Amino acid sequence: MQRLHPAAKVLCCLTLIGAALAVPAPALARLAWPAAALLLLWVAAGLPLRRLLARLGVALPFVLLAGASLPFFRHAESPTVAQWGSLAVTEAGLLAFAAVIAKALVCLLALSLLGEVTPPHHLLSALRQLRVPALLVTVLSLTVRYLAVLPEEGQRMTHARDARGTPPSLGRRARVAGAMIGTLFLRGFERAERVGYAMAARGFTGTLPVVTQGRWRPTDTLALAAVVAGAALMVVV
C-alpha cells in the first residue's frame, strides 16, 4: 500500500467514497465490509488507532450536527417511533440519519488512511497528474506549506498573553480571545500579501512546480481494478 502510485491511491479513495455514497439507505449493512477493510489496512500499515480516533473525534461531531434534524422529518408512510408535541421521530428519518453517519464514517476512514500513507507533496503530484486545475493545486500546495505558520503565531500570542497575566473574569477572557483571533487573522493576511509580492517579484506565474512521483505500474492497475470491482459489488449486489 505504501508503494502504490499516489494517483492510484487517490483514485482508489475517490472510488470507495463514491461507492459508499451510492449505497441505498436500506442496505447500510454493505458498508460494514469497506469499513472493516479500511480498519484492517490501517492496522496493517502500523498506524496507531489513537490517531484515527482523534481524527474521527474531530470530524464526527460536525456530521452529527449536520444530520441532527433528519430523524424529525415527516414521512407519510413511515411509522412514528417517538413523539414530543409537534416533533415526531419516524423510522425513515432514523434510517436516513444512520445512513449519513455510516457513509460519513467510511469516507472519513478512507480519507484518513490516504492522508497517513501518502505524503502531502505526493498527493499534490497525484492531483496534477489527474488533471486537477493548476490553480487549485497551487492553492493547496501553499496551504500545506504555510499551514504551520498560524499555529506558531498563535502560540507566540498565547505566551505573550500569559506573560501579562490571565484575565480574572470569563467575559474578559472571551474578549481577549476574540482580539487574539482578529489579530491572528490580520497577521496571517499581511504575511500572505508579503509572500505574494515576493513570489511575484521572483517571476511567479501562478503555477508551482510539482515533482512527478514514480511511474504507473501493473500493481497500481491491479489495485485500482480490485477497488473498482469491490465498489461495484457493494453498490449493485
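The values are calculated or read from the model by the stated rules, or taken from the named source; none is laboratory data. All figures in this text were calculated on a predicted structure; none of them were measured in a lab. Every residue, glycine among them, receives a Cβ derived from its backbone with ideal geometry; neighbour counts consider all protein chains shown.
Please name all residue pairs, on different chains or six or more residues apart, with Cβ atoms under 7 Å, provided the first residue is in region 24-35 and is assigned by TED's automatic domain parsing to the domain that holds LYS103 and the second residue is surrounded by 15 or more Cβ atoms within 10 Å (Cβ to Cβ) and outside any helix (DSSP H, G or I).
Here the result reads ARG30/VAL23; LEU31/VAL23, each pair linking region 24-35 to a residue that is surrounded by 15 or more Cβ atoms within 10 Å (Cβ to Cβ) and outside any helix (DSSP H, G or I).
So if I check each of GLY171, GLY214, which one is exposed (fewer than 12 other Cβ atoms within 10 Å of the Cβ) and not basic (Lys, Arg)?
Of the residues listed, the single one that is exposed (fewer than 12 other Cβ atoms within 10 Å of the Cβ) and not basic (Lys, Arg) is GLY171.
Given the conditions (1) in contact (Cβ under 8 Å) with a residue 12 or more places away in the chain; (2) within 23 Å of ARG215 (Cα to Cα); (3) not β-branched (Val, Ile, Thr), and given that GLY115 satisfies all but one, which numbered condition is not satisfied?
It is condition (1) that GLY115 fails.
Restricting attention to region 137-183, report how many residues are of a type in the set (A, V, I, L, M, F, W, C), at pLDDT 80 or above and over 30 Å from THR205 (Cβ atoms).
9
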